[in-house]
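Peer 1: Input: one structure, supplied below.
Values quoted throughout were computed directly from the atomic coordinates according to the rules given, and no laboratory measurement underlies them. Here the structure is a predicted model, which is why all the values come from computation and not from measurement. In this analysis, Cβ positions are derived from the backbone assuming ideal geometry, glycine residues included, and neighbour counts consider all displayed protein chains.
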Amino acid sequence: MDSLTASQARDHIEMVDRILSRSERSLHVGGEFFLAWGLFSTAVTLTAQLVVDRRIPANSLWVLPVLLAAAIAFSAIRGRQLGKCKDGLSLIQREFFAVLWISLGVAMFTDMVAYRIFTTWASSAIWTVAAAVVLFFIASHGNRRALACGIILLGSLAAANLLPAFTGYALAAGMLFGYAGFGLISLIARD
Amino acid sequence: MLSKIRLGVIAELLNAEWVAFSDLHQATQATHGNLGAHLAKLVEAGYVAEEKVFVNRRPQTRYRLTKAGRSAFVQHVRDMQRLLKGESA
């Protein structure tokens, strides 16, 4: 430390602060993805439950592929915009998006190819598990909001299991408050 | 660790797993030669681990912070904060 002046030390600490705060801030970038996919998952599960309860006709399910296409299109367009961002993606951001896409990709793949194994509510529960993995990954970087929202998701899973008559409502509430809610909070916190 | 580029590299590696040379180059804005020399010193000191891998059939050199590097970084930041406190006292 003898060869470092106070002015240099201040300059170095400021640089370290900048780099670390950029890493922290980068985890808020995905807010819109959480919101979009959280709302999509909520809509899917809620629609299914309402059909099961005969509150809406079964042909209402046609809206789900439309919503899925909208969520995929939004993610692709927004992901492309972020990729073209002047500063590019930070290191932690890349790691975060890798976990996000792998978790959601595995959930979607499982839903599509193992539909006989994961029937009805199990199919929705897979998305809850994938979403919880993503949130706990973010929580591992010191984000307490992600930890709280991850716990909400796991809580909804337990509630869905214990309340057979309200399984869909419990899972939908988990995705709405845990996943879409985290997206909304992240978007607000970014500003 | 006294060099600004070396400190910047360690700060970039702090929250990541393996980081490619090209990413560090983009983050630090140092020249290839300069960054390479600083990374070699960090590897030699045992603060950073180096690995050569193939990504899409292209060779890539990537780096990760070691436990010794993390400890040295924390100690260095503490030393700098102490220096600043001493100056303001």
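Peer 1: What is the spin-label model distance, in nm, from B:ASP79 to A:SER60 if the labels are put 7 Å beyond Cα along the C-beta direction?
Peer 2: Result: 6.7 nm between the two label points.
Peer 1: Based on Cβ point charges of +1 for Lys and Arg and -1 for Asp and Glu, what charge dipole magnitude is obtained for the protein assembly as shown about its Cα centre, in debye rounded to the nearest 20?
Peer 2: 220
Peer 1: While we're on this one: Give me the one-decimal nm value for the distance between modelled label points at B:LYS67 and A:ILE151, 7 Å along each residue's Cα-to-Cβ direction.
Peer 2: 3.0
Peer 1: Now, a different point. Would you mind getting me the FRET efficiency between B:SER3 and B:VAL55? Use the beta-carbon distance for r and R0 = 22 Å, nearest 0.05.
Peer 2: Calculated value: 0.20.
Peer 1: A follow-up question, please. Tell me, how many Å apart are the Cα centres for segment B:52-81 and for segment B:1-33?
Peer 2: The two parts, judged by their Cα centres, are 8 Å apart.
Peer 1: Return the single residue from B:GLY33, B:GLY69, B:GLY46 with maximal mean-square fluctuation; model: Gaussian network over chain B, springs between Cα atoms under 10 Å.
Peer 2: Maximum among the listed residues: B:GLY33.
Peer 1: Of the lysine pairs in chain B, how many meet both conditions: Cα atoms under 24 Å apart, and a spacing of 8 or more in sequence or different chains?
Peer 2: Numbers: B:LYS4/B:LYS41; B:LYS4/B:LYS67; B:LYS4/B:LYS85; B:LYS41/B:LYS52; B:LYS41/B:LYS67; B:LYS52/B:LYS67.
Summing the qualifying lysine pairs gives 6.
Peer 1: Same structure, new question: Out of segment B:26-76, which trypsin sites (Lys or Arg not before Pro) are coil in DSSP terms and have no more than 16 other C-beta atoms within 10 Å? Provide the component values of the computation, followed by the final result.
Peer 2: Details: sites: B:LYS41, B:LYS52, B:ARG57, B:ARG62, B:ARG64, B:LYS67, B:ARG70; in loops: B:ARG57.
Filter output for segment B:26-76: B:ARG57.
Peer 1: Check B:ALA20: other-chain or 5+ apart residues with amide H under 5 Å from its amide H, H built from backbone geometry?
Peer 2: Excluding prolines and chain starts, which carry no amide H, the hits are B:TYR63.
Peer 1: If you don't mind, another one. For the protein assembly as shown, just list the percent of Cα-Cα distances falling in each 10 Å bin from zero outward, please.
Peer 2: Binned Cα distances yield the sequence 6, 24, 26, 20, 14, 7, 3, 0.
Peer 1: Let me ask something additional. Mind telling me which of B:LEU14, B:LEU65, B:LEU39 comes out most flexible in a GNM of chain B, alpha-carbon contacts under 10 Å?
Peer 2: B:LEU14
Peer 1: Can you give the angle from 0 to 90° between the axis of helix A:6-26 and the longest principal axis of chain A, with both taken from C-alpha atoms, to the nearest 10?
Peer 2: Between the helix axis and the principal axis of chain A, the angle is about 10 degrees.
Peer 1: Using just the alpha carbons, could you tell me how many Å³ per residue the convex hull of segment A:29-190 encloses?
Peer 2: Values: hull volume 17.6 nm³, N = 162.
Cα-based convex hull of segment A:29-190, divided per residue, equals 109 Å³.
Peer 1: Counting residues in segment B:4-88 as N, plug N into 2.2 N^0.38 Å and put the Cα Rg over that result.
Peer 2: On the way: Rg = 14.1 Å, N = 85, 2.2 N^0.38 = 11.9 Å.
Taking N as the residue count of segment B:4-88, the ratio is 1.19.
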